[in-house]
Amino acid sequence: MSFLDKAKEKATQLSQQAKEKVDDLKDARKADGLLDDLGRITFRQHTGRGEAGDDAAIAELVAQLQALEAEGTAVLAPKPQPEPPASNLPPPSSPLPPPAMPS
């Protein structure tokens, strides 16, 4: 196998991995949107502002979420928290000893 064949194979593998990650991200965003819709309807119902058809809408949303879960999407996975920005300050130094008292 020549160098170009190996490079082409590696590029194909990387392309497939990137496509899978994009698909996973799309599914996660879809799940987030469905959960948002579900939350709005539930909030509306619990605050006395429910509408006709809410129960059917909830059933449809739950069915879509279950389908995503069956395909491997982590519907209830916690959202990753962003890391705090790194500080450019030096680490704190050790405290200085107390000054000597004259006798």
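Values quoted throughout were computed directly from the atomic coordinates according to the rules given, and no laboratory measurement underlies them. What you are looking at is a predicted structure, and each value in this text was computed from that prediction instead of being measured. Methodologically, a virtual Cβ is constructed for each residue, glycine included, from the backbone with ideal geometry; neighbour enumeration extends over all protein chains shown.
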Item to check | Between 0 and 90°, nearest 10: helix 54-70 axis offset from the chain longest Cα axis | outcome: 70 degrees
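Once the cut-off is 20 Å, how many percent of the Cα-Cα pairs in the chain end up in the long-distance tail?
Values: 3553 of 5253 pairs.
I get 68 percent for the Cα pairs in the chain exceeding 20 Å.
Label region 34-81 by shape, choosing from rounded, prolate and oblate, from the square roots a ≥ b ≥ c of the eigenvalues of the Cα gyration tensor; if a/c is under 1.5 it is rounded, and otherwise prolate applies when a/b is larger than b/c, oblate when it is not. Walk me through the numbers before you get to the answer.
Values: a/c = 4.74, a/b = 1.62, b/c = 2.92.
In terms of gyration-tensor shape, oblate.
Assuming 0.36 nm per residue, please report the length gained on full extension of the stretch residue 13 to residue 26 beyond their Cα-Cα distance. If you can, show how the numbers build up before the last one.
Numbers: separation 13, 0.36 × 13 = 4.68 nm, distance 2.01 nm.
Extra length from residue 13 to residue 26 when fully extended: 2.7 nm.
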Checklist entry - Sorted by mean Cβ packing within 10 Å, highest first, what order do the peptides 87-99, 2-14, 66-78 take? => result 66-78, 2-14, 87-99
Checklist entry - In percent, what relative contact order does the chain have, based on Cα pairs under 8 Å that are 6 or more apart in sequence? => result 26 percent
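With an 8 Å Cα cut-off and a minimum separation of 6 or more residues, compute the relative contact order for region 29-76 in percent.
Numbers: 21 pairs, mean separation 21.5, N = 48.
Across region 29-76, relative contact order equals 45 percent.
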Checklist outcome for this item: Pseudo-spin-label distance residue 52 to residue 86, built 7 Å along Cα→Cβ, given in nm, is 6.1 nm
Next on the checklist: Under 29 Å between alpha carbons: how many lysine pairs meet that in the chain, if sequence neighbours fewer than 8 apart on the same chain are excluded?
Outcome noted: 14
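Hey, what number do you get for the chain at 222 nm if only DSSP H runs of n ≥ 4 count, each worth -39500 (n - 2.57), divided across all residues, to the nearest 500?
On the way: 2 runs with 61 residues, N = 103.
After summing the helix terms and dividing by residue count, I get -21500 deg cm²/dmol.
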Item to check | Rough spin-label spacing in nm, given labels placed 7 Å along Cα→Cβ, for residue 2 and residue 74 | outcome: 4.4 nm
Item to check | In sequence order, calculated HN-Hα J values of region 25-32 (Karplus, 6.51, -1.76, 1.60; Hz; x Gly/Pro) | outcome: 5, 4, 5, 5, 5, 4, 4, 4
